[in-house]
Structures are given as structure tokens and as C-alpha cells.
Amino acid sequence: MNFLARHRIILPVVSLAVLLAATFYMQPRTMSYFGLNLLFNLAVPIALATVAQMMIIMVNDIDLSLGAFVSLAACVTATFVNDTPVLGLLILLALVLSYAALGALIHALELPAIVVTLGMSFVWGGLALFILPSPGGQSPEWLRALMTVKPPFAPMAVVAAVIISVVTHLLIVRSGIGTVLRGVGGNARSVARAGWSVIWLKALAYGLAGLFGVLAGMALVGLATSADANIALRYTLLSIAGVILGGGEFTGGKVSPTGAVIGALTLTLAASFLSFMRLSPDWQIGAQGAILILVLTARLIFSRKGAAT
Amino acid sequence: NSHMAETSDKRIALSNNYAGNSWRQAMLQTFKETGEEAVSDGMVAAADAYTTSENQATEQAAQIQNMILQGYDAIVLNAASPTALNGAVKEACDAGVTVVSFDGIVTEPCAWRIAVDFAAMGKEQVDYLATRLPEGGNLLEIRGLAGVFVDDEISKGIHEGVAENDQFEIVGSVHGDWAQDVAQKAVAGILPSLPQVVGVVTQGGDGYGTAQAFKAAGRDTPLIVLGNRQDELQWWADQRDASDYETLSLSIAPGVASLAFWVAQQILAGEDVPKDLTVPFLKITQDSLDDALASTPEGSVANVSYALDDAKQVIADAK
Amino acid sequence: MTPLNLLAKPWIWSWLAASAAFGLTLGLTSGRGAGELAYAALSFGAFAAIVGLGQMLVITLGPGNVDLSIPATMTLAATLALKAMSSNPGTAFLGLGIALGVGVAAGLANYALIFLLRLPPIIATLAASLVYQSFAIWSNRGLRIKPPAGLADFATGRFLGLPNVAWVGLALAIVVWVVLERTVWGRMLLATGQNLRVARLAGVPVELVRATTYVLVAVFASLAGYLLASFSGGAALNMGAEYLLMSIAVVVIGGTSIAGGNSNVPGVWGAALFMFLVVSMLNSYGAGAGVRNVLTGTIIIAIVIAASTRRVRA
Amino acid sequence: MSDHENALIVTLDQAAKHFGRLRALDGVSLSVAAGDCIGLVGHNGAGKSTLVNLINGGLAPSSGTIVFSGGDTAHVAGVRSVFQELSLCPNLTVAENLKISHSALKGPGWRRSARAEIRASLDEIFPDHGISADAQVDMLSIAQRQMVEIAIGFAPRGTQARLVILDEPTSSLDEGIAGQLLAHIRRFCASGGAVVFISHMLGEIFKVASRIIVLKDGRIVDERASGAFTRQGLVDVMGHVAPESAQVAGARSDPGSEILRTAQGLAARKGEIVGLSGLAGHGQAEALAHLYLSRSSAWRPRKSPEVVFVAGDRPRDGVLPLWSILCNISISVLQQTARRGLVNRQAETAIAAEWKSRIGVRTDDVRNPILSLSGGNQQKVLFARALASQAPLVIMDDPMRGVDVGTKQDVYAMIRAEAANGRTFLWYSTETEEVCQCDRVFVFRNHEISAELTGVDISEEKILEASFAMQEAS
Ligand SMILES: Nc1ncnc2c1ncn2[C@@H]1O[C@H](COP(=O)(O)OP(=O)(O)OP(=O)(O)O)[C@@H](O)[C@H]1O
Ligand SMILES: Nc1ncnc2c1ncn2[C@@H]1O[C@H](COP(=O)(O)OP(=O)(O)OP(=O)(O)O)[C@@H](O)[C@H]1O
Ligand SMILES: [Mg+2]
Ligand SMILES: [Mg+2]
């Protein structure tokens, strides 16, 4: 057993550090309280969405509806939560519960999650269009204040990333229930044999995903000040890429919450890095693909080297 | 020019959210040409274009934040959302960056807006149909991308127009996403269940596909209001030559990016510019069709490029 | 085969749903326009079916295998093909050759990322698709070049009352069906999809199977792109966008198991027709975008539930 | 039975389990009391695993009753199971796996208690196990995983285990470790625990069981104190007529030319049966996998393969779960019989039918799904797959896991016959008895060959000596 295989988190950390160093070099202005905040504040909702996706991947499923769901949560936040907070929060709670119910349904009927969530992406998107047929709404004041707060020492984005990763690490890696949830991804049958109700566990995992999805939507509205029905659609693929960049695997319950947060930061940073490189607009899109490939390849080379030693 | 010296060290960036259609490509091209010329003339130090990979506000917000970090003096912005970028735009303003939005404008008060009255564009289509088809009839509405501001505005204008001209009724409405193939598919799907349609109101980029769908279904071609794409104009010219087909084509010119560029330059030069400017949309009629077609590259969009003087004129008009 | 047996076939549900959508749409006009609607469904369903067949082969390779670069491959192939033909008569086959060449290259590139860099296919094809998109932009700057007239006539024409593109889609479906049911390669694909390690240890050349599958899906996508651009009068940079979710949806609604090792050709066509007809139906009933999306999603889930619970009981 | 009436743990009354038409278990009455150590034997597919699943609540009986005296469910009554197929969560650590089965372990610091508990249990059953409580399970060898699973079965987990059911627990263990387990079982029963022990290795059954129950075709056909059985008697009751010794005697004809020699030193001649031995997890499986992978291609399809593989770990390496028995067999001969890339369905059916009867797969139709077969019968299908091809070299990675005595004899004979026809076998086995039948044996230690034995040198003592030579030398 090699060191890197044991500590899967090292490679994501190293990729992020290298990319950050390169960014500092390209654009020294980023190396400041203000710069770091601008660089990373939009990574906060992505990190939350990535954690949400991780909860689903943890139980061997995949969620193709997450982007639409975060958009819906954002629309609810920018409208109901702002106008009638109690009703708004109740709706958000209902969204979380419906995610949990979805998990239970997928397990009980043995449905392929990828298909159900594909269908749900239409449903969430349609509901978001009901609420906001055209962009609008407004972020609740407290939320805007929270997302633009200026804590001492480190900018909000960094503090938030640390808090998210510590909380989810405690929840998923350290706690007993988190261990059982990961066990569902590793071998659901043996978890069931040990007397756990897998249907409840799946509902819990999906419910947690729903919770983090809602938080992502709220954080997004706090930053963007308003919402629209398409605001977070790209979070679906981004969150999947983030989980993988963070050292997670699609099957077997091998996920790392800290890695997921780091993966989300890496993806955000990669886009900024490219923009600092001032490529021709033709190639800006392609370069994002290239950098994704590069970061993952670096991971491969390191893990090969690690295995060789 | 008295302002020249003052902006020669200024850097302007274009923040664009989408590059996937000919309109956006023409816009990028115009901006590039205008920018390169301005740089070589020493008017500004840099004019760089940036495009996000997906048409998403979140990605564009990050792009604007990066531009702040890169120290641009002004950002010319075609926004993915009128409101969702307000946070980032506010940050830019707070950092002393001038933000000029156009086409897809933002509502943040600190930014400038070069707006097209999209609702009027929708209404004008119905008004035109009313002159051509006085006894009215059934209309088919082709919409853009659901949930996007421009789609909603144009559609509002159209419905307003129909309310005023009650000889018309909208019997079907589909989303064509401003793309010929999507429009073609959507129209083909709804046509079988529709009664006879006399006119089609569109949003641009979808007229040709609509015409194709009518043809494939073996129906008479109704009066389709077009959207300035070269293939639409070409089709129109062919129809005109074959059967005296007559219609109207209107859309915002991609060259508005160059107008926004010059407005930004003027603001940087210290000119007092009102926050809200308007540009007329580019209208092509039966008479101007041949000229428009001749000046539009194949596969592109009818365009006009704006010079510094045009910008000064627009500013003066708004004062 | 008894009707009950038929219900146990996972593909039947997509056909039932398609028929229901067809019937409901025509209910509005009391039957008028049936031919028109069927013709439109076959035309547009063909593109979804062609990309769906490719996606089905990849999904059959087992969990985690999926090609997200289908839209970009379609666009790139169509763009380059139309540029090469530049509306000149008699260049249809040149264009076809270029499109298929793009498909082979994209497929090989995707597989190289998966095999050499060991990237999960979802990530590899996603990243590669961004690069293809850039190529398409760079090569043609979004200009819409018309297909040669002969090619456009073929793509929009009909033969024996059915659209030509539907004939192409049907022919491909039959070929894929025969390959899966009767050929050694098909068996090897199904074995690989059930368990790659087992297949390798049973002597299956698994990497060859995977490579050919990834090339096939890209070739199917590029063919669909070529036909679609010819059909709709030119390539557009965003022309493939809706085929990302569509290709996955038609595969799974069609009854192919997402767990791999099992595929379902007739279902792909049924689902392709359904995906077109359900939108037509909702548009015809005047549903707004919100209602349309919610109902489409609900119906997809309902079909999947119906198909899978039947299978369990049977 | 009345003497320990008070200490009854579970009682089955006419319990039956039907899968469709198949009567996997056909009315079984049985009771287990504290202190019992029951050996459960039967041919492959006799219903042993099904019986276990009924007792532990994994399956509901089709008819009949199951009553626990210590609570409503198996769980509450202190009934634990160690399953035939490994059932740990590979992504979790050893201690975390204990937590899965021990839901009372909660609150901060649960990890420390879990570590201590599993460590204590491992230490007690397998002294010198060398397994860290923080090791992730997928980093462990299959033998170590089996040990962890057994240790979890016996761990206190809040209550105390009253009955532990072990379904072929020794199938991946070498003899030394299996011995430790047997010793622990005896201690456990002596201290008032009960054990149901399933194994195809009758020697083990005789070593631990106080009572032996024989299952045949879903029914109990015999039940006696273990002293009342002889080995041969037991085999007879199980329904197989097998020779007393596993040895298949027969003078070997001249060895053929050498057809294999690896860098590691593994060598084989044409027509030879070469055994790989040593303690489990010392590189035998790796050497075989490596050899197979290097002699077959992941890129080039081949009409007739040079080498075929018989897997021991069926779900991981052998079974194609969605397919019928027929397709599972024919996959190795497809390319050989194909015409212009098309599957030759006649040839395929003929080959499957031939091998079904030759190797005795218990099914009425080869078109049934392979998962309808019991573990041992699935294993026969894998043999059929390999032997049906014409590959000159057959690699077997501990292929007799879970195969019953009678079938083993049939397979031994078949291997002998094939070898006489010029095929070469490389055979890794955790059972020394099997290895002793080979023409030549390589003993592995620490991923290297520590001894090559031929002829009369092949004996249990010599193999053990080579397996442990390091320790003795030091
Ligand atoms: N889930 C199932 N569905 C259908 N048949 C089953 C199922 N599980 C077991 N069987 C059948 O029940 C019979 C008994 O199987 P069981 O696994 O109990 O045998 P066993 O005695 O444990 O055999 P082995 O020694 O090979 O493990 C077999 O014929 C098997 O094919
Ligand atoms: N299909 C395959 N593809 C790639 N590698 C394989 C394949 N099959 C086996 N291997 C390799 O061969 C090795 C042997 O497998 P196995 O998991 O049985 O090891 P083990 O049980 O730890 O072996 P040992 O008992 O020899 O220590 C594995 O480490 C794996 O890397
Ligand atoms: Mg068994
Ligand atoms: Mg081993």
C-alpha cells in the first residue's frame, strides 16, 4: 500500500496549490485579501453543489438534476424567501424532503438513478420557470450580507471553504452515520445484512444532497443578488468533475468531502487562470477542457510514481 | 481629438457569455476589428475579448471578477442575465471599473446600459402584420430560450401587439431557442395540430427553420417576420424572385458591441454620459433587402459597425 | 407471444408512450394531420435515434461509460463537412467522408484519454468536447454554409413515403441489432459490459471492444451531425446541444440497462419518437415552457418505473 | 435435546424455501442450543447457504417457522453470520466495518472503541494476524478479508454472540490460519456459544463438529453426533461415491517438452499439472494473473487462445451475471467456431450441452441464468468454459473454492484426462491435499518461489517447510 493511495487527498491539494501559485505568478493582484475573495467567492456555491453531488456519488448513484435543482432553490430564495421568509423556508424544506423521497423511491423500486435524475432535471427546471419565467427576484438582505461579509484575516470565500470542508468531513468521514453511508456505497448488501434499513440510508444521503443543493442555491443568490431558471445548470457537470478532481470515484463509496471542496476550488481557479492567460476567444472554451485533462493527468502521473516507489 | 491622450493608457475588456451562434460570432468579429483599430490608433491600450464556455450567469460573474483582478479600466458587457450579474458588476464599480452593458443589459444602477427596446421589436412585428394582413388570422409565435430576459421581453411586445390588433390570434407558441434547427423541429411538431396560419412572429435566428418546417409539412408559406440572418435574407430574396414574397426582417445589429466599446472609451475619457442609451434595431425591408444581402457575408448576420462619431451622436441624443 | 409477455419487454413502454403522445396530439384535431405528424416524428426522431444507438453501445459497456462529447462531435463534423463542400454540387460524398473522418478521430481521441490517461469516461468526453467545440468555432466562426442542393434534397426528401433520414436511422438500427444479437463482437461487448475484468480473463479483447465502441458512438454522432446540418440548411455551433441529454434519455427510456451488458435497439427508436411527440403534444395543448418541462420529466420517470417494475415481476 | 432445552437459541420447524419451482429447502426442522457445534455438509446446491439465510433473516421462509428464543429477530437473538461470499465494505477500514455491524457504537470516540474491539477479536482468533484496524479492506488480501469478517462475526458488538454461522469460512484460508479458526470455534463452543459450520473439507468438519447434519436436495438426510460418522460414511450419505483418498493414482507417461518458463522461475512441460502452493496471499494469484495477462491480449482477438483462466473468486473474476449458463460457457469458444464474425449458434449449443453433461451442472436447461445455480455449480460452469476451449495451457486460481467433494473428484479426473491429452495445467490451491496430486509444485513465499518440488518430494511436510523456511532459518 502506498502513501498516496492511503492519503487520496494529497493530490488534489497539490494540484490546487500548483494552480494557485501559477495564478499568483500570472496576476500578482490576486495575492491579496481582496484578490482571493474575488478569485474564490463564486466557488462557494460550486463547492456546496459539489458536496451535494458527492453525497449521491457516495451511494453509487449520480445526479444529473443537481444544476436544475440548485437553480430552483435559487429561484425560491430570490422570491419566496425574500418576500415571505417563513413560506420560503418551508418550500426549501419541502425541496430537501422531496430529494430524500426521491432517494427512497430510487432504492425501493431499484430504479437507475441516472435516469430518474435526468427526468427530475426537467421537473426542477420546469418548476423554476414557473417561479421565475424571466430573470429577477432579489436576494434577502441577510443573505447578501452573509455572502459579502469581510471576516478578519481571511476572505469570506476561504473561510467558507474551510467551514464547508470541516463540517462535511466530520459528517461523512468521522461520524458513525457517515461511515454507514459510505458503507452503502461500498457494499449495500452487507449494510442491509447488518440490520440497517438501506432505504432510510439512501433517503438520508439524498436528503443531505438536497440540503447542500439548497445551500448552494442560497449562496448563489447571495452572491448574484438575483436568480433565473437557468442560473446554475452548469453545476451538474461541474459538480461531477469536482468530485472526481477531489479524488472521489464513481463507484464503491470512495469519496472525500475535503477533496470535493478542493476540486470545486480547482475548477473555479482553472477558469480564472485561463482568463489571465488571455487566450484567443476561439480557444478559451477548448482550453478549459485541456486544463481539466491536464490536472487529472497530473494526478495520474503522481499516483503512478507513488505506486512505483 | 481632445480626448485621445487621456484614454491611450486605458484597457477595455469585452465580457461575452456565449459564442455559439452566428450573431455572437459577428459581434466578436466586430469588436475585434474595432478594438484592434483603436489600439493601433493609440486610442486605448488594449481591447480584449473574453467568452465563457456556457451561456451561464455564474460563469460570467466569475469572468467579470477576473477582469477586475486583471486591472481593466472598463468592461463592455453582454450579460447572460439582467440581474444575476449585479453582484459582480457592483464589485467592478466599487473597484473603479466602468461597466457598459449592451444587448443583454444589467439592472445594476452603477452600470451603463445600451438597450434595445425589445418589447417594441416584438410589437412592431404585429403592427407590420396588421398592415399586410388587415383581415387578420392565426399567428404562430416562435420564442427564444425559456427563462431568458430577451425572450420574455420580445414575447411581451408581441402579445401587447396582438392585444391591440384583435383580428390576430396566437394559436401556437413554441421555443426555437434562436436556432434554425431547434425552431424547425418545434414547428414541425406543432404544425399538424394547428389550423391555417397566416403569419409567424419570431425572435431572430429562427425564421429560416420555420420556413423549412412549413415547406416540409406541405403547407403554404405564411408571412414570416425574419431576423436578419443571412440565410433568412437569402431565402426571402429567393421567395421574392419566385413569388413576390414580401416581409420584414428585424434584429439588433451585432455591431452594437463596437458602439458599446466607444461609449466606454468616452466615459473613460471623462465625457459625461447618461446611464441609459438606446440604439435602434436594424430593420430590413423589401427595398433594402438587396443591399443588406450584398453586405452580409454568407452564413453571417446583417450588421452595421459603429464608429466613434456614432457613439458621440447616441450620447448627444440621450442628453 | 402473449400480451403479458410483451409488457415484460422493456422496450415496449417507450413505444406505448410514443403512441399515447401521438394519439393525444391528434385528439386535438380529431385525427387530422396524422400523416404529417408521423412524418415529422420520423424525420426528427431519426437524428435522436442515430445518436441514441451510439450512446446505447457505450452505455452497454457498463457503469460509468457514457459519451458526453456527442453534441460537440456532431457540430464539429457538420461544420467541417459543410465547409469542405462549400455548397458545391457533387461534393456530398466528400462531405460525408470528412464527417465520418471527424467521427473516427474524435472517437479515437476520446478513447485515448480514457485508456492512456485513465480518466473516467464522463470526465474525458466532457473535457474533450470543450476542445472539439473550440475547433468548430475556430474553423468556421459560426458561419452557416448551405449544404449542396442535392444533399439538402436528399436529407429532406422521402422514399416510399418515409423520410430518407428515417430510412438511414432504420438501417443503422437493424445493423446494430444484428451486430449485438448475432456477431462475436456483439457478444464481446455484452460480456465486457457485465464485468470488464471477467471478460478480460475469459479471453475477450476488452480494450479493442472499448476502443471500437467509442469510435462507433462518435461516428454515429458525426453522421447525425452531417445529416442534421444537411436537413436544416447548415451547421450551427449549438446545433448538437439538445442531443446531450436526449441521447442518454432515449437509451434509458428505451429500456437499456444503465448497469451495462444489456442493450435494447427497438426501444431507442420508440424513445426517439416519444421524445419528439411528447414535446409536440404539449406544444399543441399550449403548455408553457414550465408545464412542458415538468410533464416531460414526470413522464420520463413514469416510463422508467413502469418498465423496471414490470421487469422485476416478470 | 431435552438436556439443554433452556439454552435453545433457534428452532426451525418444517422451514422451506422455494425459488419458483425449485425447492432449495424443502421442510427442514432443526434446533440449535448453546454449546452446540454443528457441522453442516452437503453437495453443491444442497441448500446450505439457503438454510443459513433463513436462520439469519436474510430470506423469509416460504413455509414453516423459525423461532428465536432470545428475541424476535436473529439480530436481537445474538445470531451472527459469516457469509460464503465476502460481505465487507471494501471502501471502509477494518474498524469501520465493525461499526457497520455494531449499530450501538455511537457518539464521539466510537472509532477508538471499534478499533479496540476488532483488534481484541482478531488477536483472540488469529494470533499474529498482522492486520491493522485502520487498514482499508480493499488493501487486504482475500484471506485477510475473510479473517476480518470472521473476527467481526465473533466480536461482542454490544451483546454477546450466541450463535455464529460460518458458511465456508475456510475456503480462502490456508491450513495454518484455518487451524487457528477451528481452535477458536472449539473454545467458543466450550464456553457456551453455538456454531454452525459449513465446509466442504470434511477433515475440518470432523475436527470441530459435535454434531453433523447432512443436507441433500433441500432435506436433512442424516443427523448424528460426529463420532458416529466415518469419513466414507459421510461421503456416502451426501450422495457421492468417492474413493477414500483424493489421490488419483496413475503412472505418469513421459513428460513432454517444456512449454513455459517465466522470469520468476515458474516452468511447465506439455501435459504436466503444476501446482502453486504456499501460504495464501504470498503472490501465487498475482503470478498467475500476470502470466495470463501477458499471454493473452486485450487488443487482439484470437481464434484459439493460448491460455485460459479458471477463476476462484467467481463474482470478481469469473461469472458474467446477466447471461445464461450457455453463454457463460461459450464465450471462450465463440471466435473459434464463428463464421465471418457471426456467432455459430449450433456449435455453441452443442458445446454447452456436451459440457453440461460431462461436468454435471445441476440445471434442467442451459438457457437458465447462471445466477440460478449454487456457488459450486457456477464454478463447474467456469471449468467448462475453460476446458471447452482448445487452449494448451490452463491456469487455475484456486478453482475448487466451494466445490463439493464429489464434484472435486470428477474434476480431478477430468484434469488428469486432459493432461494426458497434452494440456498443461497451472493450479494454485489453498488446499495442500490438492497440490499434492500435482506433478510438480512451486511453493511461494513473499512473492518469490521458495522451492520447486517434484515426484516423491511433493508432500505436505515439504510444502509447509518451504512456506515457512524463513522463520525457521532465522
Ligand atoms: N436467489 C435464488 N434464486 C433462485 N435459485 C436459488 C437462489 N438462491 C439459491 N438458489 C438455488 O437453491 C439451491 C440451493 O442453493 P444454496 O446456495 O443454498 O446451495 P449450497 O448448499 O450453499 O451450495 P454450495 O455448496 O455450492 O454453496 C440451488 O439449486 C440454487 O441454485
Ligand atoms: N483483469 C485484470 N486486469 C488487470 N489486472 C489484473 C486482472 N486480474 C488480475 N490482475 C492483477 O493481478 C493481481 C492478482 O489478483 P488478486 O487480487 O487475486 O491478488 P491477491 O489475492 O492479493 O494475490 P496473492 O494471493 O497472490 O497475494 C491483482 O493485484 C491485479 O492487479
Ligand atoms: Mg453455499
Ligand atoms: Mg490470493
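The values are calculated or read from the model by the stated rules, or taken from the named source; none is laboratory data. These figures come from a predicted structure and were not determined experimentally. Note that each Cβ is placed from the backbone with ideal geometry, even for glycine, and that neighbours are counted across all protein chains shown.
Just one of the listed residues (D:ARG187, D:ARG219, D:ARG231) is outside the structural domain of D:MET396 (by TED's automatic domain parsing), out of contact with any helix residue (DSSP H, G or I) (no Cβ under 8 Å at 6 or more places or on another chain) and either at pLDDT below 90 or within 16 Å of ligand 2 (Cβ to nearest atom) (or both), and it is D:ARG219. Scanning segment B:55-108 for residues that are touching a residue at least 40 places away in the same chain (Cβ under 8 Å), within 7 Å of chain A (Cβ to nearest Cβ) and buried (at least 24 other Cβ atoms within 10 Å of the Cβ) yields B:ALA57, B:GLN63, B:SER81, B:PRO82. Please work out if D:VAL52 is within 9 Å of ligand 1 (Cβ to nearest atom) and either among the small types (Gly, Ala, Ser) or more than 24 Å from D:THR230 (Cα to Cα) (or both). Yes: the conditions hold for D:VAL52. When C:LEU282, C:LEU273 are screened for being in contact with a helix residue (DSSP H, G or I) (Cβ under 7 Å, 6 or more places away or on another chain) and over 20 Å from C:ALA221 (Cβ atoms), only C:LEU282 passes. When you check D:VAL411 against the structure, is it more than 14 Å from chain C (Cβ to nearest Cβ), more than 16 Å from ligand 2 (Cβ to nearest atom) and touching a Pro at 6+ places or on another chain (Cβ under 9 Å), yes or no? So D:VAL411 passes the test.
Once segment C:165-219 is narrowed to residues that are among the aromatic types (Phe, Trp, Tyr) and in contact with a Phe, Trp or Tyr (Cβ under 9 Å, 6 or more places away or on another chain), the residue that is farthest from the other protein chains (Cβ to nearest Cβ) is C:TRP167. Annotation note: Cβ proximity below 8 Å between a residue of segment D:166-190 that is closer than 23 Å to D:ASP398 by Cβ and within 14 Å of another protein chain (Cβ to nearest Cβ) and a residue that is charged (D, E, K, R) and more than 16 Å from ligand 3 (Cβ to nearest atom) (sequence gap 6+ or interchain) occurs for no pair.
From the list B:ARG219, B:ARG240, the lone residue that is more than 16 Å from the chain's Cα centre (by Cα), surrounded by fewer than 18 Cβ atoms within 10 Å (Cβ to Cβ) and within 14 Å of another protein chain (Cβ to nearest Cβ) is B:ARG219.
Exactly one residue out of D:THR11, D:THR73 is away from ligand 3 (no atom under 16 Å from the Cβ) and more than 14 Å from every other protein chain (Cβ to nearest Cβ), and it is D:THR11.
Pull up segment B:191-202, narrow it to residues that are in contact (Cβ under 8 Å) with a residue 24 or more places away in the chain and facing another protein chain (nearest Cβ under 9 Å), then point me to the one that is surrounded by the fewest Cβ atoms within 10 Å (Cβ to Cβ). Among those residues, the one meeting the criterion is B:PRO195.
For segment C:103-125, does any single residue satisfy the condition of being at the interface with another protein chain (Cβ under 9 Å from one of its Cβ atoms), touching a residue at least 40 places away in the same chain (Cβ under 8 Å) and of a type outside the set (Lys, Arg)? The answer is yes; a qualifying residue exists. The residues of segment D:196-208 that are in contact with a strand residue (DSSP E or B) (Cβ under 6 Å, 6 or more places away or on another chain) and either within 12 Å of ligand 1 (Cβ to nearest atom) or farther than 9 Å from D:VAL41 by Cβ (or both), listed by number, are D:VAL196, D:PHE197, D:ILE198, D:VAL208. Every listed requirement among (1) more than 10 Å from every other protein chain (Cβ to nearest Cβ); (2) among the β-branched types (Val, Ile, Thr); (3) surrounded by fewer than 23 Cβ atoms within 10 Å (Cβ to Cβ) is met by A:ILE177 save one, (1). B:VAL106 passes every criterion in (1) more than 24 Å from A:MET218 (Cα to Cα); (2) in a loop (DSSP other than H, G, I, E, B); (3) of a type in the set (A, V, I, L, M, F, W, C) apart from (1).
Look at segment C:277-303: where a residue is at the interface with chain A (Cβ under 7 Å from one of its Cβ atoms) and at negative phi and a partner is surrounded by fewer than 20 Cβ atoms within 10 Å (Cβ to Cβ) and part of a helix (DSSP H, G or I), sitting 6+ places away or on another chain with Cβ atoms under 6 Å, you get C:GLY290/A:PHE130.
If you take the residues of segment D:412-436 that are at pLDDT 85 or above and β-branched (Val, Ile, Thr), which of them is nearest to the chain's Cα centre (by Cα)? It comes out as D:VAL435. Residues in segment D:168-192 that are within 17 Å of D:ALA34 (Cβ to Cβ) and of a type in the set (Gly, Ala, Ser): D:ALA190, D:SER191, D:GLY192.
Would you confirm whether any residue within segment A:183-195 is assigned to a loop (DSSP other than H, G, I, E, B) and either touching a helix residue (DSSP H, G or I) at 6+ places or on another chain (Cβ under 7 Å) or of a type in the set (Val, Ile, Thr) (or both)? Looking for residues that are assigned to a loop (DSSP other than H, G, I, E, B) and either touching a helix residue (DSSP H, G or I) at 6+ places or on another chain (Cβ under 7 Å) or of a type in the set (Val, Ile, Thr) (or both), one finds at least one in segment A:183-195, hence yes. Would you point out which residue out of A:LEU109, A:LEU105, A:LEU118 is crowded, with 23+ Cβ neighbours inside 10 Å and within 10 Å of chain C (Cβ to nearest Cβ)? Being crowded, with 23+ Cβ neighbours inside 10 Å and within 10 Å of chain C (Cβ to nearest Cβ) holds for just one of A:LEU109, A:LEU105, A:LEU118, which is A:LEU118.
The residue of segment D:339-369 that is nearest to the chain's Cα centre (by Cα), among those that are of a type outside the set (A, V, I, L, M) and part of a strand (DSSP E or B), is D:PRO369. Within segment D:348-406, the set of residues being among the basic types (Lys, Arg) and within 16 Å of ligand 3 (Cβ to nearest atom) comprises D:ARG362, D:LYS380, D:ARG401.
Determine, yes or no, whether D:LEU173 is buried (at least 22 other Cβ atoms within 10 Å of the Cβ) and either more than 16 Å from ligand 1 (Cβ to nearest atom) or under 24 Å from D:GLY318 (Cβ atoms) (or both). Yes. The residue that is farthest from the other protein chains (Cβ to nearest Cβ), counting only those in segment B:166-190 that are surrounded by fewer than 21 Cβ atoms within 10 Å (Cβ to Cβ) and at pLDDT 90 or above, is B:GLN167.
Per-residue answers, yes or no, for (1) within 19 Å of the chain's Cα centre (by Cα); (2) buried (at least 19 other Cβ atoms within 10 Å of the Cβ):
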| site | (1), (2) |
| --- | --- |
| C:LEU143 | no, yes |
| C:LYS146 | no, yes |
| C:VAL168 | yes, yes |
| C:ILE174 | yes, no |
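Only one of the listed residues (C:GLY260, C:GLY240, C:GLY254) is within 16 Å of B:ASP181 (Cβ to Cβ), in contact with a helix residue (DSSP H, G or I) (Cβ under 7 Å, 6 or more places away or on another chain) and surrounded by 23 or more Cβ atoms within 10 Å (Cβ to Cβ). That residue is C:GLY240.
Regarding segment D:77-91, can at least one residue be identified that is within 14 Å of another protein chain (Cβ to nearest Cβ), within 16 Å of ligand 1 (Cβ to nearest atom) and over 25 Å from D:ILE220 (Cα atoms)? Yes: one or more hits. Residues in segment C:210-266 that are polar (S, T, N, Q), closer than 30 Å to C:LYS9 by Cα and modelled with pLDDT of 90 or more: C:THR212, C:THR213, C:SER247.
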